[in-house]
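Take a look at the structure set out below.
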Amino acid sequence: MATDVPPTRSVQLVEEPRLLKLKKMFVSKFQSTPKFYARAPGRVNLIGEHIDYCGYSVLPMAIEQDILIAAEPLSTSVLHLANTNPSYVDFSTNPNNIEINQTKPLWHNYFLCGFKGIEDHFNLDNPSGMNCLVEGTIPASSGLSSSSALVCCAGLVTLLANGKTLSKVELAELCTKSERYIGTEGGGMDQSICFLAEKGTAKLIEFNPLRATDVRLPRGVTFVIANSCVEMNKAATSHYNIRVMECRLATKVPYGFHQDLMKPSSKYVLATTPSPPTSCCFILAPGQVLPQRACFFLQGLDSGHIHMTNGIRPLRCAIPFG
């Protein structure tokens, strides 16, 4: 998997109505023809919300909705971006002077993230200009990774236009870093499933190092993805980054406390909560497990102060290590 590159194939446009329609719009917009097309799917996550940016594993799968880009490399130093959705205005810039405005996260800034990621990775002194027409079927700001799919698709387009090669894993890791140019401190789930997805399976995505394992879905199973139509542009507010920081702090504070409890000892280690009691939990760091023979003896306090977590009363516990 680590050495696999994104697949390419030749298509007959008459057999692909969507590509044919996009080509006609491209010709109308730029008075020239696209030289290639790139596609990046959206995703839905099955297990593991807001934990990828802490290094924990997730279980997403790709969906049919996607970002599609028709592209034409240019010999001139200009990057023209257009969108089939008239709500998104055209944008042009010099590819040698990419600036990403974090205060106004407009649609083209996500393309620029992918472009700049490739430019910086290969230290391109004179990156190829391009005409690009973007079409998307992923509902915007709906939690299905429309923004990450655009970053990934832009990175792939820029890679091809400049004659460079990266593996799927390298592209996923690069686009994860690239999207942070917009100001969001996201993890790598969206970009990883975008490049590593395969038909008919979900993927167990693990990090450090990045790897993906097939999780076969039951035959005939149907997933219903409901769009609430409530939009949330995570780059437009600080809400997302605040959640990232909260989650990272949540893994660090209990982790340090838990390290003391993990020290081998023939004695019992008693952990108590402050007075008045508050809830307490133990979070294992990635790759860390409790000793096999460790067991919990939970002593409940006043029932009004006991918060159930998977059937465990996590307020006062004595942990023998043997």
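The values are calculated or read from the model by the stated rules, or taken from the named source; none is laboratory data. Remember, it's a predicted structure, so these values are computed and weren't measured experimentally. Cβ atoms come from the backbone with ideal geometry, glycine included; neighbour counts cover every protein chain shown. Remember, those area values only see protein heavy atoms, side chains included, never the ligands or the DNA or RNA. Shrake-Rupley method; radii C 1.70, N 1.55, O 1.52, S 1.80 Å.
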Restricting to segment 28-53, name every residue that is under 20 Å from Lys177 (Cα atoms), open to solvent by 30 Å² or more (accessible area, probe 1.4 Å) and not charged (D, E, K, R).
His50, Ile51
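Taking into account only those residues within segment 216-275 that are among the acidic types (Asp, Glu) and out of contact with any Ser or Thr (no Cβ under 6 Å at 6 or more places or on another chain), which is modelled with the lowest pLDDT? Steps first, answer last, please.
The first filter runs over segment 216-275 and keeps only residues among the acidic types (Asp, Glu), leaving 231, 246, 260.
Now drop any that are not out of contact with any Ser or Thr (no Cβ under 6 Å at 6 or more places or on another chain), which leaves 246, 260.
Details: Glu246: 81, Asp260: 51.
Filtering first and then ranking leaves Asp260.
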Which condition number does Ile193 fail, the rest of (1) among the hydrophobic types (A, V, I, L, M, F, W, C); (2) open to solvent by 30 Å² or more (accessible area, probe 1.4 Å); (3) at pLDDT 85 or above being met?
(2)
Residues of segment 147-164 being surrounded by fewer than 24 Cβ atoms within 10 Å (Cβ to Cβ) and either among the hydroxyl-bearing types (Ser, Thr, Tyr) or on the phi > 0 side of the Ramachandran plot (or both), which ones?
Gly163
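Going by the structure shown, is Leu112 in contact (Cβ under 8 Å) with a residue 24 or more places away in the chain and over 21 Å from the mean Cα position of the chain (by Cα)?
Values: in contact (Cβ under 8 Å) with a residue 24 or more places away in the chain: yes; over 21 Å from the mean Cα position of the chain (by Cα): no.
When the stated conditions are applied, Leu112 does not pass them.
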Which condition does His108 not pass, out of (1) in contact with a strand residue (DSSP E or B) (Cβ under 6 Å, 6 or more places away or on another chain); (2) farther than 24 Å from Lys29 by Cα, if it passes all the others?
(2)
Conditions (1) polar (S, T, N, Q); (2) over 29 Å from Val244 (Cα atoms); (3) buried (at least 24 other Cβ atoms within 10 Å of the Cβ) -> Asn126 fails only (3)
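Considering only residues of segment 91-122 that are among the polar types (S, T, N, Q) and open to solvent by 20 Å² or more (accessible area, probe 1.4 Å), which is farthest from Leu166 (Cα to Cα)? First the steps, then the outcome.
We begin by selecting, within segment 91-122, every residue among the polar types (S, T, N, Q); these are 92-94, 96-97, 101-103, 109.
From what's left, open to solvent by 20 Å² or more (accessible area, probe 1.4 Å): 92-94, 96-97, 101-103.
Values: Ser92: 26, Thr93: 25, Asn94: 24, Asn96: 21, Asn97: 23, Asn101: 27, Gln102: 27, Thr103: 31 Å.
Of everything passing the filter in segment 91-122, Thr103 is farthest from Leu166 (Cα to Cα).
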Residue check: is Ser167 touching an Asp or Glu at 6+ places or on another chain (Cβ under 8 Å), crowded, with 24+ Cβ neighbours inside 10 Å and among the polar types (S, T, N, Q)?
no
